[in-house]
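Engineer: Following this message is one structure expressed as structure tokens.
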Amino acid sequence: MDNNYDIHVVGAGPAGLSYSLAALRDGKSVLMSDVKERPWENIACSGLITLNGYKSIKSIFPEISKTIMNRYDRISLVNGINNLANPETWIDIKLKNSMVRIDRALFGRLMFEKAVSYSLSYSDMKESSHGSSYAGSNNPDFSGSDSDIDYDYVSGSGSGRFEFEVKRIQNIGDIKSKIVLGADGPISSIADIFGFKRMNNYVHTNYIDAICKDNSKEVRKTNIDNLEDRLLVIRDETLFKGFFAWVIPDGNGSIRNGSVGERKGLQIGMGALLGTDVKYPFNMLINRLSAVYGFDRLKIKNKMSALIPIRLRQERFKRVDGYEVMLIGDSAGHVKSITGGGVYYGFMIGYYMAHGDVDKVISLENELKMLSIARVGLFGMHGIGYDMFHSIMKRTKADCLLSMMETDSVKDTLLNIIHG
């Protein structure tokens with residue numbers, strides 16, 4: 001394999017791919033390494049981003065429009081799992097900045113194919129043999145997608161060169177460029193190899209994706225129908241320490257490629273600070289939801305778990321023995337600490353970093369720092385304090401906290417909270 005690359009990117013998520021695509025358009029040669037041959041598969045991610053964030057990504061990568069699953073204009077906040085059966089106690093909020101859910105696997109695949117197009121034509125990708133690395137005849141298997149994809153867009157618009165290898169980077173001898181981008185997740189091998197300070201603040205999350213087959217009037221009349229147009233967020237300090245639980249409907253009575261009225265898709269998940277129990281709280285959540293909503297009828301498709309960093313890594317760039325090393329995405333803690341969302345920040349920071357737009361990177365990182373401050377206040381409330389907060393939110397229908405999302409002014413929102 002050719003060792004002369006302008007950039008070695010480790011990790012094929014939105015952050016690494018966004019950086020790579022921008023570099024390829026500028027004519028750079030990029031080697032990308034990932035531990036998985038099909039890195040878009042089995043991703044522990046809800047795929048939720050704000051509508052404003054979606055539009056920002058679409059302005060750079062229009063193909064994201066192929067991945068939309070649903071849009072949500074409402075969110076309901078539940079104070080304790082025992083109140084799941086009491087919707088009159090919920091805070092029902094109409095969002096100013098709507099949320100959209102994308103098919104995270106399809107999004108990753110489209111970005112990956114776009115990068116591959118800088119070395120291959122579409123016919124090369126479809127006809128070549130299944131292999132572990134490729135920049136010519138050995139290519140990944142793109143079969144087995146859940147939906148048909150229009151490949152007309154697949155054409156490298158710049159003069160860059162892309163190569164991919166399935167490899168776990170374990171030491172400096174595996175690095176093939178003097179410029180290294182670590183986008184390999186919160187437990188980053190690149191951070192360890194080059195001596196970055198470790199992150200210590202994580203949330204451990206569990207998810208399931210499931211389908212409810214809607215073949216009877218009984219199922220159609222269940223309370224699941226009441227959740228199809230909203231996100232459900234449950235805070236229970238005794239179970240979900242330092243985080244929350246959620247229910248995300250795929251919406252409109254269907255999942256991707258499902259007909260309306262035939263099947264309903266849901267994601268159920270929860271998080272808690274690393275080091276606290278997650279198995280028992282997750283089982284409690286599923287049992288309670290089953291009792292209230294008939295979720296026992298759901299057929300589980302996927303079970304996933306993940307670590308989410310909830311604070312920026314102190315070091316995100318350094319020069320070591322002639323190497324310039326940058327960390328982005330989950331490796332750098334480019335994640336909203338309140339919600340755990342990282343698609344938007346990883347993608348945008350990767351794009352701006354590749355173009356050397358330091359001011360934009362700093363601006364986005366400052367937003368993340370402000371969200372960390374807000375997190376301390378939100379999840380630092382306990383007992384009567386949080387009950388009072390929930391009561392005030394219920395009375396005022398306040399959605400100021402929920403507007404603290406990407407492309408909005410986090411600083412202004414926090415000031416509005418502080419000054420009422």
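Values quoted throughout were computed directly from the atomic coordinates according to the rules given, and no laboratory measurement underlies them. Keep in mind that what you see is a predicted model, and the values were worked out from it rather than measured. Here the Cβ positions follow ideal geometry from the backbone for every residue, glycine too, while neighbour counts run over all protein chains shown.
Engineer: Looking at this model, which pairs from LYS58/LYS318; LYS55/LYS176; LYS28/LYS318; LYS36/LYS318 are more than 25 angstrom apart at the alpha-carbon? Write down the numbers at each step before the final one.
Structural biologist: On the way: LYS58/LYS318 31 Å; LYS55/LYS176 35 Å; LYS28/LYS318 21 Å; LYS36/LYS318 27 Å.
Too far apart for the 25 Å limit: LYS58/LYS318; LYS55/LYS176; LYS36/LYS318.
Engineer: Between beta-carbons, use under 11 Å as the cut-off and find the net charge around SER372, counting Lys and Arg +1, Asp and Glu -1.
Structural biologist: Values: positive: ARG311, LYS336, LYS369, ARG375; negative: GLU365, GLU367.
Counting the neighbours of SER372, the net charge comes to +2.
Engineer: In debye to the nearest 20, how big a dipole does segment 1-74 give about its Cα centre with +1 on each Lys and Arg Cβ and -1 on each Asp and Glu Cβ? Don't jump to the answer; show the numbers that get you there.
Structural biologist: Working: 9 positive and 8 negative charges, 90 e Å.
About 440 debye.
Engineer: Return the subset of LYS66/LYS301; LYS197/LYS279; LYS241/LYS360; LYS167/LYS336 for which the Cα-Cα distance in this structure is over 27 Å, preserving the input order.
Structural biologist: Details: LYS66/LYS301 22 Å; LYS197/LYS279 30 Å; LYS241/LYS360 33 Å; LYS167/LYS336 29 Å.
Correct reply: LYS197/LYS279; LYS241/LYS360; LYS167/LYS336.
Engineer: Under the rule a/c < 1.5 gives rounded, and otherwise a/b versus b/c splits prolate from oblate, where does segment 29-97 land using the Cα gyration tensor? Don't skip to the end; give the middle numbers.
Structural biologist: On the way: a/c = 3.81, a/b = 1.85, b/c = 2.06.
In terms of gyration-tensor shape, oblate.
Engineer: May I ask you to order 196-206, 230-240 by the average number of other C-beta atoms within 10 Å around their residues, highest value first? Please report the intermediate quantities before stating the final value.
Structural biologist: Working: 196-206: 18.5, 230-240: 20.5.
For the peptides 196-206, 230-240, the packing ranking is 230-240, 196-206.
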